[in-house]
1. Looking only at residues in the stretch 243-300 that are among the β-branched types (Val, Ile, Thr), away from the ligand (no atom under 16 Å from the Cβ) and part of a helix (DSSP H, G or I), which one is nearest to residue 406 (Cα to Cα)?
2. Taking the options 351, 341, 334, name whichever one is free of Cβ contacts under 8 Å to residues at least 40 places away in the same chain and either open to solvent by less than 50 Å² (accessible area, probe 1.4 Å) or in a helix (DSSP H, G or I) (or both).
3. Please give the number of the condition residue 205 fails out of (1) of a type outside the set (D, E, K, R); (2) under 25 Å from residue 154 (Cβ atoms); (3) in a strand (DSSP E or B).
4. Out of 369, 322, I need the residue that is modelled with pLDDT of 95 or more and within 26 Å of the chain's Cα centre (by Cα). Which one?
5. Sort out for me the helices (runs of 4 or more DSSP H) sitting completely within the stretch 381-485 that have 1 or more residues that are under 20 Å from the mean Cα position of the chain (by Cα), farther than 19 Å from residue 259 by Cβ and without any contact (Cβ under 8 Å) to a residue 60 or more places away in the chain.
6. Cβ contacts < 7 Å: first residue in contact (Cβ under 8 Å) with a residue 40 or more places away in the chain, restricted to the stretch 116-143; second residue of a type in the set (D, E, K, R) and in a helix (DSSP H, G or I), any location; separation 6+ or different chain. Result?
7. For the stretch 87-107, indicate whether the set of residues that are open to solvent by 20 Å² or more (accessible area, probe 1.4 Å), hydroxyl-bearing (Ser, Thr, Tyr) and within 30 Å of residue 186 (Cβ to Cβ) is non-empty.
8. How many residues, within the stretch 64-111, are more than 16 Å from the ligand (Cβ to nearest atom), in contact with a Leu (Cβ under 7 Å, 6 or more places away or on another chain) and either among the β-branched types (Val, Ile, Thr) or not in a loop (DSSP other than H, G, I, E, B) (or both)?
Amino acid sequence: MTELVVASNRGPVQFEVDDDGNLTSGRGAGGMVAALGPALAGQAGTWVAAAISDGDRVAARRVARSGRLRTVELAQGGVHLRSLVFDPREYQNFYNRIANRTIWFLHHYLFDVPRHPRFDRSFRVAWRHYEGVNQAFAAACDDEAGRGGEVFVQDYHLALVPAMLRRRRPDLRIAHFSHCPWADPGYFQMLPGAVAGAILDGMLGADQLGFLVPRWARNFLHCCLEAGYRVDFDRHTVMAGDGRRVLVRTYPLGVDGEALRERAGQADTRAQDRVVAELARGRRLIVRVDRMELSKNILRGLEGYGMFLERNPRARGRVVHYALSYPSRRDLPEYQAYTAEVKHMAEAINERFRTRTWEPVLLELRDNYPRALAAMAAADVLVVNPVWDGMNLVAKEGPAVSRRDLALILSRNAGAADDLGPGALLVNPFDTAELAETIATALELPPDERAKRAALLRDGATALPPRDWFDRQRTALAATAQTPG
Ligand code: G6P
């Protein structure tokens, strides 16, 4: 039993079983883990997560036999991990069908509306599995949390947990944090009424709801208003069904500049510096780093670069676009199709412009964190153009590790635009012609302006490191204990 429990679908590490049956572990992917790992490491507390890979399930079963929690070592210290194993069909419906294909698509406006979504009978079955997994998380939090303890529930996978947990344990302080955007009420109401209602009710079981930037918090408040809740827009509160006032707060998240620079100085990244230099061969380097994710807008990014080459013949042979796009959610047909389109688009640009000595686009599809850090450190321009993004930590990692005063091209629909606006070159992510022009502008920025912008970017990116982000939420949650309901 502990004072502090964190619950998220993906855990801080992912285990793999090697050929000899030994377990090895690597860093869990994505922004949520990147934020929470450093925030929690070294603190007394328990992290409850799903066993996702085969290795995770093996690790979880070994723990279950010994009855002990596993302590996993992160760069910043150890965390206790409680891993939950689910029936594969139930988990697949929970994760792929509901969390990823429905709620994630919803909050990023990704539906192909003429065809999807369709809320048929099989959707109802999948929704019951979503409820089942949320129930299991609530039970595990109940198990782990000591009397009067604090539970921090993460993201859209676990939207029902706060209310489920409150019913079991009214003594707990419960917070929920959304690491992604929140859709406006018109789009949100595409969900079947009962499902939309369950999501809002589930989240309002918390004492405090956190969002990355004010836009997403505002959308959530408007969804509550439309659903008939009493909303106080001045005090940022919603009156829950049981008469509690739920705080809806914004907690922007940045990166730990010092820790990142130290990481970038380690031997494995230094070795990658040489690899990146080899790839660039003295040419100007335009970099992007994303998961292969529909919301990241990789296709329009490549298209904009192709247009830039078309319109700027003198740039040909003098620039290289290095796009690092790591595998993500490979079970989803939409992601498989998207990956194929990205490869096709990169190849089309190369076919159109390549010469015997120059490959205009280099597409890297394997996950390689040291390589990504090395690429960002060496980049002249970093392109971050998501259609929508809760924050986008790559936009903050780049300026923090840059050795060349990188110019940042940033989608105004990324939460990060709120913190990096003054230093970045903001773009409309749907306007590929604007992106093409902005690439030209970024490459031509005079050195003093680059330096001025880079300083602003560095300050904006590192202002709110994960530890502070998490501490601010903890302090605010503790204060809710003194606020009469
Ligand atoms: C990114 C998002 C998080 C989300 C995570 C899930 O990090 O910012 O909101 O929780 O992706 O990714 P996964 O790979 O676990 O599906």
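The values are calculated or read from the model by the stated rules, or taken from the named source; none is laboratory data. What you see is a predicted model; the values in this text were computed from it and never measured. Every residue, glycine as well, gets a Cβ built from its backbone with ideal geometry; the counts of neighbours run over all protein chains shown. The accessibility values were calculated without ligands, DNA or RNA, using every heavy atom of the protein model including side chains. Shrake-Rupley method; radii C 1.70, N 1.55, O 1.52, S 1.80 Å.
1. Within the stretch 243-300, the subset among the β-branched types (Val, Ile, Thr) is 246, 248, 250, 255, 269, 275-276, 286-287, 289, 298.
Narrowing further to those that are away from the ligand (no atom under 16 Å from the Cβ): 246, 248, 269, 275-276, 286-287.
Among the residues that remain, those that are also part of a helix (DSSP H, G or I) are: 269, 275-276.
Working: 269: 18, 275: 19, 276: 15 Å.
Filtering the stretch 243-300 for residues that are among the β-branched types (Val, Ile, Thr), away from the ligand (no atom under 16 Å from the Cβ) and part of a helix (DSSP H, G or I), the one nearest to residue 406 (Cα to Cα) comes out as 276.
2. Numbers: 341 fails: free of Cβ contacts under 8 Å to residues at least 40 places away in the same chain; 334 fails: free of Cβ contacts under 8 Å to residues at least 40 places away in the same chain.
Just a single option satisfies the conditions, and that option is 351.
3. Result: residue 205 fails condition (3) only.
4. Values: 369 fails: modelled with pLDDT of 95 or more.
The unique qualifying residue is 322.
5. Numbers: elements: 394-401, 417-420, 432-444, 447-462, 466-480.
Because the criterion is at least 1 residues that are under 20 Å from the mean Cα position of the chain (by Cα), farther than 19 Å from residue 259 by Cβ and without any contact (Cβ under 8 Å) to a residue 60 or more places away in the chain, the helices (runs of 4 or more DSSP H) in the stretch 381-485 that meet it are 417-420.
6. 129/90; 132/90; 133/90
7. yes
8. The number of residues fulfilling the criteria is 5.
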